[in-house]
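Following: one structure in structure tokens, then a few remarks.
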């Protein structure tokens, strides 16, 4: 028998929410298959099976569990599984509808029963969410082919069947006339619960705007020098990103303007000794901000290595909570979307964030002549409660000057 516990993903992690079980009690699993998904206030994480066996969950979906808490058991055979069931009552795998009803105090309407699966052990391999979706839409799992490990039916299979099958309720049938009622109708394409990482973003953005006095300054810089710098580094077989160069420049500017690298704690302003710079990025339709440590003490190449590592681990869902904590300043780059200027929102408890726009060729006046020049937009948002306008403007000007002449960041 193997105990399935909540792993400690970082030094700051104390608990996690058990988002969902991918198997029900009695299902046979293979080593390396995803057993459950947990979520901290920073990241989600997939817990895999340490060995082959039969799974028995004992913690409820939606419950908050302490680090190293036992949430399930993996038995080696059916005899051991039956013994575990006697000693540890099974967890009820709650559907999203039940969880929502429990939180609101309402009693959910009864749902259709899921057809009894067939196959080895009398079961069809399917995830709890797939079984819930089948019950909601009255679908027979025995008629659905699975694309998961070992032919397991997962959410993607259910979505495919629903999209290919009969029209959704409320959808106008083909051939019927288009009426005035159709023109006035409004129905959701998708209903997304505000929970998990989206709830964290929801709360943090509200906290940021409701508990600080945010002011944004915009400026524009000549980007010819950093474009040339990046090309020279590329000639040396170093695939350096603009984010790495801008992070090094911003860190150097923070060293000259240390009070921008600050946070508020009650009635105290902490000016941080270290610079830990977050880089806003998208992951699974959510905003996350992994942190590069001490970029002021690193070369551009070292910073770039750290950024690439964070991007790869974000893509593979392998970030730990420690990767997203203790930031002191953030950069948000929307240049990839052809954005010139925007108003970035401060990431609590930090007090400033730099928004970076695209590098684009524009006409400028030099020596009384109009010439083309690579330009980049910069937007600095800061908490006006603790950073006055003039110091904020001077910091932004320093960043601008260093972009136009990168030698200044090492002078």
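The values are calculated or read from the model by the stated rules, or taken from the named source; none is laboratory data. Keep in mind that this is a model prediction, so the values were computed, not measured. Counting neighbours? That spans all protein chains shown, and the Cβs are built from the backbone with ideal geometry, glycine included.
Taking the condition at pLDDT 90 or above, closer than 16 Å to residue 274 by Cβ and in the same structural domain as residue 282 (by TED's automatic domain parsing), does residue 346 pass?
On the way: at pLDDT 90 or above: yes; closer than 16 Å to residue 274 by Cβ: no; in the same structural domain as residue 282 (by TED's automatic domain parsing): yes.
Taking the combined requirement at face value, the residue does not satisfy it.
Looking only at the range 241-278, count every residue that is over 16 Å from residue 374 (Cβ atoms) and part of a helix (DSSP H, G or I) and tell me the total.
Adding up the residues that qualify gives 14.
For the range 164-240, please list each of the helices (runs of 4 or more DSSP H) lying entirely inside it that holds at least 2 residues being under 25 Å from residue 355 (Cβ atoms) and modelled with pLDDT under 85. Steps first, please.
On the way: elements: 180-184, 197-210, 224-235.
Qualifying helices (runs of 4 or more DSSP H): 197-210.
Within the range 42-71, count every residue that is under 22 Å from residue 321 (Cβ atoms) and over 25 Å from the mean Cα position of the chain (by Cα).
2
Are there any pairs, at least 6 apart or on different chains, whose C-beta atoms fall under 7 Å, with the first in the range 196-209 and without any contact (Cβ under 8 Å) to a residue 24 or more places away in the chain and the second not in a helix (DSSP H, G or I), and if so, which?
Correct list of pairs: 202/194.
Return the only residue of 270, 257, 276 being assigned by TED's automatic domain parsing to the domain that holds residue 388 and within 24 Å of the chain's Cα centre (by Cα). Don't jump to the end; show me each part of the working.
Values: 270 fails: within 24 Å of the chain's Cα centre (by Cα); 257 fails: within 24 Å of the chain's Cα centre (by Cα).
Going through 270, 257, 276 in turn, the sole match is 276.
Just one of 76, 146 is at pLDDT 75 or above, over 27 Å from residue 40 (Cβ atoms) and loosely packed, with under 14 Cβ neighbours inside 10 Å; which is it?
Working: 146 fails: loosely packed, with under 14 Cβ neighbours inside 10 Å.
Exactly one of 76, 146 is at pLDDT 75 or above, over 27 Å from residue 40 (Cβ atoms) and loosely packed, with under 14 Cβ neighbours inside 10 Å, namely 76.
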